[in-house]
1. Quick one: how many Å² of Thr53 are accessible to a 1.4 Å probe, rounded to 10?
2. Running a GNM on the chain with Cα contacts under 10 Å, which residue among Ile46, Ile176, Ile238 ends up with the highest mean-square fluctuation?
3. Got a number for the accessible area of His74? Probe 1.4 Å, square angstrom, nearest 10.
4. Rounded to the nearest whole Å², what accessible area per residue is found for the chain with the 1.4 Å probe?
5. Within the chain, what is the longest stretch that has no GluC sites (Glu not before Pro) placed in a DSSP loop and near at most 10 other beta-carbon atoms within 10 Å?
6. Hey, rough spin-label estimate for Ile98 and Arg229, points 7 angstrom out along Cα→Cβ, what's it come to in nanometres?
7. At a 1.4 Å probe radius, carbon and sulfur cover how many percent of the accessible area of the stretch 3-232?
8. Report the trypsin sites (Lys or Arg not before Pro) located in the stretch 173-251 that are in a DSSP loop and have at most 11 other Cβ atoms inside 10 Å of their Cβ, or state none.
Amino acid sequence: MTTTRIRGMKGVDKITMLTSYDYTLARLADESGVEILLVGDSASNIVCGNQYTLPITVDEMIFLTKGVVRAAQHALVVVDMPFGSYQVNDDEAVRNAIRMIKESGADAVKLEGGREVADAIRRMVVAGVPVCGHLGLTPQSVNQFGGYGLRAKEEAEAEKLIADAKLLDAAGCFCIVLEKIPAALAERVTKAVSCPTIGIGAGAGTDGQVLVLHDMLGLNEGFKPKFLRQFAHLAEPIHQAVGDYVKAVKDASFPSAEESY
Ligand code: KIV
(Lines give C-alpha, C1' and ligand atoms only; values in the text may rest on other atoms or scores of the structure.)
Protein backbone atom coordinates (compact mmCIF):
# COMPACT_ATOMS: atom_id res chain seq x y z
CA MET A 1 0.00 0.00 0.00
CA THR A 2 1.25 3.47 -0.84
CA THR A 3 0.11 6.97 0.01
CA THR A 4 -0.63 7.48 -3.71
CA ARG A 5 -3.02 4.52 -3.69
CA ILE A 6 -4.67 5.82 -0.52
CA ARG A 7 -5.21 9.18 -2.25
CA GLY A 8 -6.66 7.39 -5.27
CA MET A 9 -9.25 5.64 -3.10
CA LYS A 10 -11.11 8.89 -2.39
CA GLY A 11 -14.61 8.61 -3.79
CA VAL A 12 -13.84 5.11 -5.12
CA ASP A 13 -13.45 2.77 -2.15
CA LYS A 14 -13.68 3.29 1.63
CA ILE A 15 -10.31 3.30 3.41
CA THR A 16 -9.73 1.12 6.48
CA MET A 17 -7.31 2.11 9.22
CA LEU A 18 -6.72 0.46 12.61
CA THR A 19 -4.20 1.19 15.32
CA SER A 20 -1.46 -1.35 16.02
CA TYR A 21 1.32 -1.33 18.55
CA ASP A 22 2.98 -4.75 18.32
CA TYR A 23 4.11 -7.38 15.83
CA THR A 24 1.55 -10.10 16.61
CA LEU A 25 -1.69 -8.09 16.42
CA ALA A 26 -0.31 -6.04 13.51
CA ARG A 27 0.33 -9.28 11.61
CA LEU A 28 -3.24 -10.46 12.21
CA ALA A 29 -4.68 -7.07 11.18
CA ASP A 30 -2.48 -6.93 8.10
CA GLU A 31 -3.44 -10.48 7.07
CA SER A 32 -7.11 -9.53 7.52
CA GLY A 33 -6.89 -6.82 4.89
CA VAL A 34 -6.69 -3.50 6.75
CA GLU A 35 -5.08 -0.89 4.49
CA ILE A 36 -3.41 1.41 7.05
CA LEU A 37 -1.85 0.39 10.37
CA LEU A 38 -1.56 3.43 12.64
CA VAL A 39 0.94 3.24 15.47
CA GLY A 40 -1.10 5.77 17.40
CA ASP A 41 0.16 7.65 20.41
CA SER A 42 -2.87 6.01 22.04
CA ALA A 43 -0.13 3.43 22.77
CA SER A 44 0.45 5.67 25.78
CA ASN A 45 -2.96 4.56 27.09
CA ILE A 46 -3.32 1.09 25.57
CA VAL A 47 0.24 -0.22 25.93
CA CYS A 48 1.65 1.86 28.79
CA GLY A 49 -1.48 2.38 30.91
CA ASN A 50 -1.16 6.17 31.08
CA GLN A 51 -4.29 8.30 31.48
CA TYR A 52 -3.28 10.56 28.56
CA THR A 53 -1.31 10.33 25.34
CA LEU A 54 1.05 13.08 26.52
CA PRO A 55 3.84 11.07 28.24
CA ILE A 56 4.85 8.77 25.37
CA THR A 57 8.20 9.66 23.76
CA VAL A 58 9.70 9.58 20.27
CA ASP A 59 11.99 6.69 21.31
CA GLU A 60 9.05 4.66 22.65
CA MET A 61 7.02 5.28 19.48
CA ILE A 62 9.98 4.19 17.34
CA PHE A 63 10.42 1.00 19.41
CA LEU A 64 6.74 0.04 18.99
CA THR A 65 6.62 0.95 15.31
CA LYS A 66 9.54 -1.34 14.42
CA GLY A 67 7.45 -4.39 15.38
CA VAL A 68 4.45 -3.19 13.36
CA VAL A 69 6.66 -2.51 10.32
CA ARG A 70 8.05 -6.07 10.52
CA ALA A 71 4.46 -7.39 10.48
CA ALA A 72 3.10 -5.25 7.64
CA GLN A 73 3.22 -7.17 4.37
CA HIS A 74 0.44 -5.17 2.68
CA ALA A 75 -0.64 -2.25 4.85
CA LEU A 76 0.80 1.26 4.95
CA VAL A 77 2.34 1.99 8.37
CA VAL A 78 1.74 5.46 9.83
CA VAL A 79 3.40 6.53 13.08
CA ASP A 80 2.04 9.26 15.35
CA MET A 81 4.44 12.06 16.26
CA PRO A 82 4.09 12.29 20.05
CA PHE A 83 3.38 15.41 22.10
CA GLY A 84 6.41 17.70 22.22
CA SER A 85 8.07 16.32 19.09
CA TYR A 86 6.71 18.91 16.63
CA GLN A 87 5.30 21.84 18.62
CA VAL A 88 8.52 23.71 19.54
CA ASN A 89 9.50 24.89 16.06
CA ASP A 90 9.36 23.73 12.44
CA ASP A 91 13.05 22.71 12.27
CA GLU A 92 12.67 20.38 15.22
CA ALA A 93 9.39 19.05 13.83
CA VAL A 94 10.96 18.18 10.47
CA ARG A 95 14.03 16.68 12.18
CA ASN A 96 11.86 14.47 14.39
CA ALA A 97 9.65 13.41 11.46
CA ILE A 98 12.70 12.35 9.45
CA ARG A 99 14.17 10.56 12.46
CA MET A 100 10.93 8.66 13.11
CA ILE A 101 10.75 7.49 9.48
CA LYS A 102 14.46 6.58 9.34
CA GLU A 103 14.60 4.66 12.63
CA SER A 104 11.16 3.03 12.70
CA GLY A 105 10.74 2.13 9.03
CA ALA A 106 7.20 3.60 8.95
CA ASP A 107 5.85 4.92 5.66
CA ALA A 108 4.35 8.15 7.00
CA VAL A 109 3.83 10.25 10.12
CA LYS A 110 0.66 11.67 11.63
CA LEU A 111 0.41 14.83 13.71
CA GLU A 112 -2.37 16.80 15.32
CA GLY A 113 -3.44 20.35 14.54
CA GLY A 114 -4.39 22.78 11.78
CA ARG A 115 -2.92 26.14 10.78
CA GLU A 116 -0.29 26.01 13.56
CA VAL A 117 1.37 22.93 12.02
CA ALA A 118 0.70 23.58 8.31
CA ASP A 119 4.16 25.08 7.60
CA ALA A 120 5.91 22.20 9.36
CA ILE A 121 3.83 19.72 7.34
CA ARG A 122 4.70 21.48 4.08
CA ARG A 123 8.41 21.17 4.91
CA MET A 124 8.05 17.49 5.90
CA VAL A 125 6.33 16.71 2.61
CA VAL A 126 9.03 18.58 0.67
CA ALA A 127 11.63 16.55 2.60
CA GLY A 128 9.92 13.34 1.45
CA VAL A 129 7.92 12.47 4.56
CA PRO A 130 4.25 11.69 3.81
CA VAL A 131 1.97 13.24 6.43
CA CYS A 132 -1.49 12.36 7.73
CA GLY A 133 -3.24 15.29 9.44
CA HIS A 134 -5.52 15.06 12.48
CA LEU A 135 -8.32 17.54 13.29
CA GLY A 136 -11.32 17.71 15.61
CA LEU A 137 -10.68 16.03 18.93
CA THR A 138 -6.91 16.16 19.25
CA PRO A 139 -6.02 14.21 22.42
CA GLN A 140 -2.62 15.91 22.79
CA SER A 141 -4.53 19.14 23.58
CA VAL A 142 -6.56 17.53 26.37
CA ASN A 143 -5.28 20.00 28.96
CA GLN A 144 -6.29 22.93 26.76
CA PHE A 145 -9.82 21.62 26.15
CA GLY A 146 -10.29 19.93 29.51
CA GLY A 147 -11.72 16.68 28.17
CA TYR A 148 -12.61 14.45 25.23
CA GLY A 149 -16.02 15.89 24.29
CA LEU A 150 -17.45 16.37 20.80
CA ARG A 151 -15.60 19.15 18.92
CA ALA A 152 -16.78 21.85 16.50
CA LYS A 153 -20.45 21.87 17.51
CA GLU A 154 -20.74 25.62 16.90
CA GLU A 155 -20.64 27.04 13.36
CA ALA A 156 -17.63 29.31 14.07
CA GLU A 157 -15.55 26.34 15.23
CA ALA A 158 -16.83 24.29 12.27
CA GLU A 159 -15.76 27.01 9.80
CA LYS A 160 -12.32 27.13 11.44
CA LEU A 161 -12.00 23.34 11.17
CA ILE A 162 -12.90 23.42 7.45
CA ALA A 163 -10.33 26.18 6.87
CA ASP A 164 -7.71 24.15 8.76
CA ALA A 165 -8.51 21.05 6.68
CA LYS A 166 -8.02 23.07 3.47
CA LEU A 167 -4.64 24.30 4.79
CA LEU A 168 -3.53 20.73 5.62
CA ASP A 169 -4.68 19.59 2.18
CA ALA A 170 -2.73 22.41 0.50
CA ALA A 171 0.32 21.62 2.68
CA GLY A 172 0.36 18.16 1.11
CA CYS A 173 -1.28 15.80 3.65
CA PHE A 174 -2.12 12.51 1.92
CA CYS A 175 -5.07 12.05 4.27
CA ILE A 176 -6.65 13.71 7.32
CA VAL A 177 -8.08 11.98 10.40
CA LEU A 178 -11.27 13.66 11.68
CA GLU A 179 -11.95 12.73 15.30
CA LYS A 180 -15.22 13.17 17.18
CA ILE A 181 -16.98 15.90 15.19
CA PRO A 182 -20.60 16.04 13.97
CA ALA A 183 -21.23 13.77 10.96
CA ALA A 184 -22.58 16.66 8.87
CA LEU A 185 -19.38 18.65 9.43
CA ALA A 186 -17.20 15.65 8.55
CA GLU A 187 -19.10 15.40 5.26
CA ARG A 188 -18.53 19.09 4.56
CA VAL A 189 -14.79 18.68 5.23
CA THR A 190 -14.64 15.57 3.04
CA LYS A 191 -16.17 17.52 0.14
CA ALA A 192 -13.91 20.54 0.76
CA VAL A 193 -10.55 18.74 0.49
CA SER A 194 -8.85 16.80 -2.29
CA CYS A 195 -7.21 14.26 0.04
CA PRO A 196 -9.18 11.46 1.76
CA THR A 197 -10.63 11.97 5.23
CA ILE A 198 -10.61 9.14 7.77
CA GLY A 199 -13.13 9.41 10.56
CA ILE A 200 -13.38 8.20 14.14
CA GLY A 201 -16.61 9.29 15.77
CA ALA A 202 -17.27 11.42 12.68
CA GLY A 203 -20.11 9.53 11.00
CA ALA A 204 -20.32 7.65 7.72
CA GLY A 205 -19.61 10.50 5.32
CA THR A 206 -15.80 10.37 5.50
CA ASP A 207 -13.60 8.55 2.95
CA GLY A 208 -12.55 5.96 5.52
CA GLN A 209 -12.76 4.87 9.15
CA VAL A 210 -10.26 4.30 11.93
CA LEU A 211 -10.70 2.61 15.31
CA VAL A 212 -8.36 1.68 18.13
CA LEU A 213 -7.76 -2.04 17.61
CA HIS A 214 -8.00 -2.99 21.28
CA ASP A 215 -11.30 -1.11 21.60
CA MET A 216 -12.93 -2.69 18.53
CA LEU A 217 -11.77 -6.13 19.71
CA GLY A 218 -13.55 -5.56 23.02
CA LEU A 219 -10.39 -5.76 25.10
CA ASN A 220 -11.28 -2.61 27.07
CA GLU A 221 -14.65 -3.76 28.43
CA GLY A 222 -15.34 -0.51 30.27
CA PHE A 223 -14.74 1.79 27.27
CA LYS A 224 -17.96 2.13 25.26
CA PRO A 225 -18.33 5.56 23.65
CA LYS A 226 -21.25 5.93 21.22
CA PHE A 227 -19.01 5.82 18.11
CA LEU A 228 -17.30 2.55 19.06
CA ARG A 229 -18.56 -0.72 17.65
CA GLN A 230 -17.05 -3.76 19.38
CA PHE A 231 -16.56 -6.24 16.53
CA ALA A 232 -15.49 -8.89 19.08
CA HIS A 233 -15.60 -9.36 22.84
CA LEU A 234 -12.14 -10.74 23.48
CA ALA A 235 -11.78 -9.76 27.12
CA GLU A 236 -14.14 -12.58 28.09
CA PRO A 237 -12.30 -15.50 26.37
CA ILE A 238 -8.97 -14.13 27.63
CA HIS A 239 -10.23 -14.03 31.21
CA GLN A 240 -11.57 -17.54 30.71
CA ALA A 241 -8.33 -18.92 29.21
CA VAL A 242 -6.06 -17.34 31.84
CA GLY A 243 -8.40 -18.50 34.62
CA ASP A 244 -8.37 -22.04 33.16
CA TYR A 245 -4.56 -21.97 32.99
CA VAL A 246 -4.25 -20.87 36.63
CA LYS A 247 -6.66 -23.62 37.69
CA ALA A 248 -4.87 -26.30 35.62
CA VAL A 249 -1.46 -25.41 37.09
CA LYS A 250 -2.86 -25.32 40.62
CA ASP A 251 -4.57 -28.73 40.32
CA ALA A 252 -1.51 -30.17 38.49
CA SER A 253 -3.54 -31.17 35.41
CA PHE A 254 -1.14 -29.05 33.31
CA PRO A 255 1.23 -30.10 31.92
CA SER A 256 -0.01 -33.60 31.14
CA ALA A 257 2.25 -36.51 30.12
CA GLU A 258 1.59 -35.62 26.44
CA GLU A 259 2.71 -32.09 27.10
CA SER A 260 5.97 -33.23 28.72
CA TYR A 261 9.30 -34.40 27.20
O1 KIV B 1 -3.56 7.63 18.60
C2 KIV B 1 -4.57 7.17 18.05
O3 KIV B 1 -5.02 6.05 18.31
C4 KIV B 1 -5.25 8.02 17.08
C5 KIV B 1 -6.52 7.50 16.49
C6 KIV B 1 -7.62 7.63 17.48
C7 KIV B 1 -6.86 8.16 15.22
O8 KIV B 1 -4.81 9.08 16.79
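1. 10 Å²
2. Ile238
3. His74 has an accessible surface of roughly 120 Å² with all protein chains in place.
4. Numbers: 12920 Å² over 261 residues.
Using a 1.4 Å probe on heavy atoms only, each residue of the chain averages 50 Å².
5. The segment 1-153 is the longest one with no such site.
6. Inter-label distance under the simple model: 4.3 nm.
7. Values: 5410 of 10140 Å².
Answer for the stretch 3-232 is 53 percent, counting heavy atoms of protein chains only.
8. Details: sites: Lys180, Arg188, Lys191, Lys226, Arg229, Lys247, Lys250; in loops: Lys180, Lys226, Arg229.
Filter output for the stretch 173-251: Lys226, Arg229.
The values are calculated or read from the model by the stated rules, or taken from the named source; none is laboratory data. This structure is a prediction, so every number in the text was calculated from the model and none was measured. FYI the Cβ positions are ideal-geometry reconstructions off the backbone, even for glycines, and counts take in every protein chain you see. Quick note on the areas: whole protein, heavy atoms, side chains included, nothing else; ligands and nucleic acids left out. Shrake-Rupley method; radii C 1.70, N 1.55, O 1.52, S 1.80 Å.
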